[in-house]
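A.B. asks: Mind looking over this structure? Questions follow.
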Amino acid sequence: MALLYPCSCSTPPSPSPLLPFKNLASSRLVFTAPALRRSFLPNRLPPRLKAALAVETPAASGEGRGGDSPKILLEVKDLSAVIAKDKTQILKGVSLSICEGEVHVVMGKNGSGKSTFAKVLVGHPDYEVTGGSIVFKGENVLDMEPEERSLAGLFMSFQSPIEIPGVSNIDFLQMAYNARRRKLGQPELSPIEFYGYISPKLELVNMKVDFLNRNVNEGFSGGEKKRNEIFQLAVLGADLAILDEIDSGLDVDALRDVAKAVNAILTPKNSVLVITHYQRLLEYIKPTYVHIMEEGRIKDITQHKTAGHSKSANDSISNGGKTYRAQSNSLTIQFFYQANLISR
Ligand SMILES: Nc1ncnc2c1ncn2[C@@H]1O[C@H](COP(=O)(O)OP(=O)(O)OP(=O)(O)O)[C@@H](O)[C@H]1O
């Protein structure tokens, strides 16, 4: 039996204006095999992670970045999806709710369906949805083309960002940013105005100015590509940023820079869905929820205590004959539970 707690946000979603743009569909992305070397979540968490998880986050203390009653941003119910070309089923009923101001982390073994889930959310053409629903800011995402999803405020950074030969970073971003402004009925920024807008954002990810004139991701190191993804996010903005293994292949400094930039981008109104194998990222980006994906389903969900909702710090968690009593921080205890789940 899986424990599934409802999202803490219950305010009905409201339609909001079209927002950022990242052209996902037109690029017909090709995805390379995931990185080979992965570390799984061990049964026993290291003390540093325990300490990190034990720290009360704003959500845990009832002071979420979105306030006490954050609005629901994304609601996925019983989502099933197959690979378009051979109809192999990958997602087998995924349910997940994300509210404004929350940081959700999805972990799980290689091949469990994490990236597929992320790609289905943004409408990747390799997959067909065969059941369930995805509602983003009150709108049925399944009715939208990938570009429309992007304009609606969904952003995805890819495990293996694509190279775009012949197109400089700054031109690419200016095009994307101005497309968004056109959609919003706002005047486009001139090259000089745009340069003024993005320059400070370079500092966020510790990138040098010459990155702007290099072709998108061409010849970038793995770490530079990941920084560039976050830079795009910072420039284009998003209501929900889906970061697929943004931490893989990063050295300690790059990981810290990327995590710092993600934290800087977070506001009470936007959210992040992080897919990761690495505990070390959670030392920098504090999750509101940690989910475990297993065989195309989210098996369980950890949850902080939030004001007026959810399990209190002293509630017990019971499953399969195991009961854990949360004495100080429910997330920590439930995270242990998840770690056990993963090892089975
Ligand atoms: N386009 C595709 N064509 C063929 N198989 C696919 C495709 N997309 C996903 N799969 C298969 O679906 C399963 C789930 O893949 P997915 O990339 O979603 O897993 P994951 O949990 O993200 O794994 P990892 O942690 O290794 O990145 C894998 O067995 C994978 O080979």
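Computed from the coordinates by the stated procedures, all read-outs in this text should not be read as laboratory data. Note that the structure is predicted; figures quoted are calculated from it, not measured. Note that we place each Cβ from the backbone using ideal geometry, even for glycine, and neighbour counts take in every protein chain shown.
A.B. asks: Between Lys77 and Tyr195, what is the label-to-label distance in nm when each label sits 7 Å out along the Cα-to-Cβ direction?
C.D. replies: Placing both labels 7 Å beyond Cα along the Cβ direction yields 5.1 nm.
A.B. asks: Right, something else. ³J(HN,Hα) across region 275-286 via Karplus (A = 6.51, B = -1.76, C = 1.60, θ = phi - 60°), whole Hz, x for Gly/Pro?
C.D. replies: For region 275-286, the Karplus curve yields 9, 8, 9, 9, 5, 4, 5, 6, 6, 10, 10, 7 Hz.
A.B. asks: Still on this model: Taking amide H atoms as placed 1.01 Å from N in the peptide plane, list the residues 5 or more away in sequence, or in a different chain, whose amide H sits under 5 Å from that of Thr130.
C.D. replies: Ser80, Ala81, Val82
A.B. asks: Using the Karplus equation 6.51 cos²θ - 1.76 cosθ + 1.60 (θ = phi - 60°), what ³J(HN,Hα) coupling, rounded to whole Hz, does each residue of region 243-250 give in order, writing x for Gly and Pro?
C.D. replies: 10, 8, 6, 5, 9, 6, x, 8
A.B. asks: Could you give each residue of region 255-272 its phi-based ³J(HN,Hα) in whole Hz, using Karplus coefficients 6.51, -1.76, 1.60 with θ = phi - 60°, and x for Gly or Pro?
C.D. replies: Whole-Hz 3J(HN,Hα) from phi for region 255-272: 4, 5, 4, 5, 5, 4, 5, 4, 4, 5, 7, 5, 10, x, 9, 10, 9, 10.
A.B. asks: Still on this model: How far apart, in nm, are the 7 Å Cα→Cβ label points at Ser221 and Lys183?
C.D. replies: Each label point lies 7 Å from its Cα, and together they span 3.4 nm.
A.B. asks: What shape does region 47-309 have by the C-alpha gyration tensor, where a ≥ b ≥ c are the square roots of the eigenvalues, rounded means a/c under 1.5, and otherwise prolate means a/b greater than b/c and oblate the rest?
C.D. replies: On the way: a/c = 1.44, a/b = 1.23, b/c = 1.17.
Because its axes are fairly even, with a/c under 1.5, region 47-309 counts as rounded.
A.B. asks: Let me ask another. Name the residues whose placed amide hydrogens come within less than 5 Å of the amide hydrogen of Arg297, ignoring near sequence neighbours (fewer than 5 apart) on the same chain.
C.D. replies: Lys92
A.B. asks: Would you mind checking Lys114/Lys183; Lys87/Lys109; Lys119/Lys269; Lys269/Lys299 for any pair whose Cα atoms are more than 25 angstrom apart? Could the numbers behind the result be given before it?
C.D. replies: On the way: Lys114/Lys183 31 Å; Lys87/Lys109 22 Å; Lys119/Lys269 23 Å; Lys269/Lys299 27 Å.
Beyond 25 Å between Cα atoms: Lys114/Lys183; Lys269/Lys299.
A.B. asks: What is the gain in length, in nm to one decimal, between Val167 and Lys260 on full extension, counting 0.36 nm per residue of separation less the C-alpha to C-alpha distance? Walk me through the numbers on the way to the answer.
C.D. replies: On the way: separation 93, 0.36 × 93 = 33.48 nm, distance 2.76 nm.
Taking Val167 through Lys260 to full extension adds about 30.7 nm, to one decimal.
A.B. asks: Near the amide H of Ile246, under 5 Å away, which other amide H atoms are found, from residues 5 or more places off or on another chain, if H is placed in the peptide plane?
C.D. replies: Ile275
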